[in-house]
Amino acid sequence: MKNILFVLLTTVLVSCASTENEIEVEPTVFVKQILEPTGGEVDKPEGWFYAEKHRAANSLNWVISKEDPNGVYETGLSIQFMMGVEQGTGLNPEEFVKENMRQIVKSSVVMNYCGSSVVGDFTRSCLTVSQVQMRDGVPVDYIVLYSFLWDNDRDSVAITVAGTPSKEWHKYSSILDRMTKIKLIDPSRFN
């Protein structure tokens, strides 16, 4: 009798465990979101929010998030594009990126590093990290994909920060990864 009970219990536990791993994520429909004023583009999930939060002519910021970005959002992408980096920081764009990456590595657990690759006129490196962020005074575990794009000749840097609470990463990681593949500038606007 004990053996039958053990087999039944084991079957139920294995069945529950495999159901938990097979969570279906609904397919996501993306729309092209134009980043003004650069004319760049990003794939935005349909129904998600978009906001421009530019600080100055040489520091542009866009947010695409699942929740309203005018409050605190849990899941989304922030893009910051800075021009005149060397003049403002004393570091060329590549040095600025490396310093920022060092700071992130010091305060996070690195899960993945993508190395450097050329994307249009920019060089791109990225880090996926696990880190704790405070939300309403409560520590929440997040997984964040940081992408750094830099162009030493144009003295510019873009940083994308795509993240979600760790418990939601399985649902949003592919969406966030796609969103970080941005086209920052439409060169035809600047001819």
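The values are calculated or read from the model by the stated rules, or taken from the named source; none is laboratory data. The model shown is predicted, which means the values in this text are computed figures rather than measured ones. No Cβ is skipped: glycine too gets one built from the backbone with ideal geometry, and neighbour counts run over all protein chains shown.
Counting the residues of the range 147-174 that are under 19 Å from Q80 (Cβ atoms) and buried (at least 21 other Cβ atoms within 10 Å of the Cβ) gives 11.
Mind listing whichever residues of the range 41-69 are in a strand (DSSP E or B), within 17 Å of the chain's Cα centre (by Cα) and either of a type outside the set (V, I, T) or farther than 20 Å from G163 by Cβ (or both)? Correct list: E41, D43, K44, P45, F49, Y50, A51, E52, L60, N61, W62, S65. Filtered by the rule that a residue be in contact (Cβ under 8 Å) with a residue 12 or more places away in the chain and among the aromatic types (F, W, Y), the range 150-191 gives W150, W169, Y172.
Across the range 102-134, which residue is nearest to E168 (Cα to Cα) among those that are basic (K, R) and loosely packed, with under 12 Cβ neighbours inside 10 Å? Explain how you work it out, then say what you get.
Of the residues in the range 102-134, the ones basic (K, R) are 102, 106, 124.
Next, from what is left, pick out any that are loosely packed, with under 12 Cβ neighbours inside 10 Å: 102, 106.
Numbers: R102: 26, K106: 24 Å.
Per the stated criteria, the residue is K106.
Filtering the range 122-149 to residues that are closer than 18 Å to N92 by Cα and touching a residue at least 60 places away in the same chain (Cβ under 8 Å) leaves only F122. Among the candidates S107, S116, S130, the residue that is modelled with pLDDT of 95 or more and over 21 Å from G39 (Cα atoms) is uniquely S130.
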